[in-house]
Amino acid sequence: MKLLVDSGATKADWIALDEDGNRLFNTQTLGLSPEVINREEAIERLEARFDIYNNRNEVTALYFYGAGCGTDRMKIFMKDIFQEFFPNADITVKEDTYAAAYATNPTNDKAIICILGTGSNCSYFDGVELHQKVQSLGYIAMDDCSGNRFGRDLVRAYYFNKMPANLARIFESEYNLDPDVIKHNLYKEPNPNAYLATFAKFLIQHKDDAFIKGLIVDAMQVFVDNYITQYENAREIPIHFVGSIAFYLKAELAEVLEKNNLILGNVLRRPIDGLIEYHEVNK
């Protein structure tokens, strides 16, 4: 049995394939980002899914593409956990940008690969390897244009009274904005980045509002400036995206990229299905 896993900070998509490439089951766990969870939390999340736990000894290969796995230390941390949990499997751990590259760019052409989901990332794919000029420092310092950054922007706009009154009333009706609740989720609960990203749904639902549109366009321009145009050939190759932020704000993304003379490539909400095709071709 082969397991393919695409994990963000919020959730992880799992697909099990037999030796002929037939799908045996697919499931989800909570996200398995080593930046925000420890070993015990990772094991708990694996054990919580019966189909994963019940088949742990049948797995012969695990391909894990995960947020937060961009450094050797984090790759080794996750590989050790998986090797213990799946004792008979060959384990491969790569950062989640590889899943995005393989799913959006199955012909392995040169491209820029971006993730805009709970977190954000951007790499240059040369057809074989991914290259990053800027190492991510995680959601507090970076993650421009991500779900958690948009959530932070909305909460700040509300509390600093920058959000228009009509929009603020709707915001209040949809979320618990009590300061003690917000601080508890940010500083006492695991995955504060995923908590912040829950507010991004509001941004997507009200994306045509002038105030919200301004937040979106400004954040996308920052992402272009800080991430995409760091690559000298950015205006010569397609720029592919995965993630819910990119998917649901595709029109706004196309507008900003066109303004910057950049080429919008494929935009996928989740790369997991594209990974099946990639691994079938590259057995």
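State whether the residues of segment 82-92 include one that is in a strand (DSSP E or B), buried (at least 17 other Cβ atoms within 10 Å of the Cβ) and not small (G, A, S).
Here is the first cut: in segment 82-92, the ones in a strand (DSSP E or B) are 90-92.
From what's left, buried (at least 17 other Cβ atoms within 10 Å of the Cβ): 91.
Right, trim to not small (G, A, S) and you get 91.
Within segment 82-92 (the criterion being in a strand (DSSP E or B), buried (at least 17 other Cβ atoms within 10 Å of the Cβ) and not small (G, A, S)), the answer is yes, since at least one residue qualifies.
For A234, all conditions in the list (1) more than 19 Å from the chain's Cα centre (by Cα); (2) small (G, A, S); (3) farther than 22 Å from Y102 by Cβ hold save one; what is the number of the exception?
(3)
For segment 210-235, which positions are free of Cβ contacts under 8 Å to residues at least 60 places away in the same chain, surrounded by fewer than 17 Cβ atoms within 10 Å (Cβ to Cβ) and of a type outside the set (F, W, Y)?
A210, K213, G214, V217, D218, Q221, D225, T229, E232, R235
Within segment 125-164, which residues are of a type in the set (F, W, Y), closer than 21 Å to G243 by Cα and either touching a Leu at 6+ places or on another chain (Cβ under 6 Å) or modelled with pLDDT of 90 or more (or both)?
Matches in segment 125-164: F125, F150.
Identify, from the list E41, E35, the residue that is in contact (Cβ under 8 Å) with a residue 12 or more places away in the chain, touching a helix residue (DSSP H, G or I) at 6+ places or on another chain (Cβ under 8 Å) and among the acidic types (D, E). Give the derivation first.
Values: E41 fails: touching a helix residue (DSSP H, G or I) at 6+ places or on another chain (Cβ under 8 Å).
Within the list E41, E35, the selection yields E35.
If we keep just the residues of segment 237-254 that are touching a strand residue (DSSP E or B) at 6+ places or on another chain (Cβ under 9 Å) and either in a helix (DSSP H, G or I) or without any contact (Cβ under 8 Å) to a residue 12 or more places away in the chain (or both), which is farthest from S7 (Cα to Cα)? Explain how you work it out, then say what you get.
Kept after step one, since they are touching a strand residue (DSSP E or B) at 6+ places or on another chain (Cβ under 9 Å), are these residues of segment 237-254: 237-247, 249-250, 253-254.
Cutting the leftovers down to either in a helix (DSSP H, G or I) or without any contact (Cβ under 8 Å) to a residue 12 or more places away in the chain (or both) gives us 244-247, 250, 253-254.
Details: S244: 13, I245: 16, A246: 17, F247: 17, K250: 22, L253: 23, A254: 26 Å.
So, considering only residues that are touching a strand residue (DSSP E or B) at 6+ places or on another chain (Cβ under 9 Å) and either in a helix (DSSP H, G or I) or without any contact (Cβ under 8 Å) to a residue 12 or more places away in the chain (or both), the one farthest from S7 (Cα to Cα) is A254.
Given the conditions (1) touching a helix residue (DSSP H, G or I) at 6+ places or on another chain (Cβ under 9 Å); (2) touching a residue at least 40 places away in the same chain (Cβ under 8 Å); (3) not in a strand (DSSP E or B), which single one is not true for E58?
The single condition E58 does not satisfy is (1).
Among the residues in segment 143-156, are any of a type in the set (A, V, I, L, M, F, W, C), buried (at least 24 other Cβ atoms within 10 Å of the Cβ) and closer than 12 Å to N193 by Cβ?
Looking for residues that are of a type in the set (A, V, I, L, M, F, W, C), buried (at least 24 other Cβ atoms within 10 Å of the Cβ) and closer than 12 Å to N193 by Cβ, one finds at least one in segment 143-156, hence yes.
Filter segment 236-254 for residues that are charged (D, E, K, R) and surrounded by fewer than 15 Cβ atoms within 10 Å (Cβ to Cβ) and give the result. Quick ask: steps written out before the conclusion?
Taking segment 236-254 as the starting set, the residues that turn out to be charged (D, E, K, R) are 236, 250, 252.
Passing the criteria: E236, K250.
The values are calculated or read from the model by the stated rules, or taken from the named source; none is laboratory data. Just so we're clear, the structure is a prediction, and the values are computed from it rather than from any experiment. All Cβ positions, even for glycine, are placed from backbone atoms using ideal geometry, and neighbour counts span all protein chains on display.
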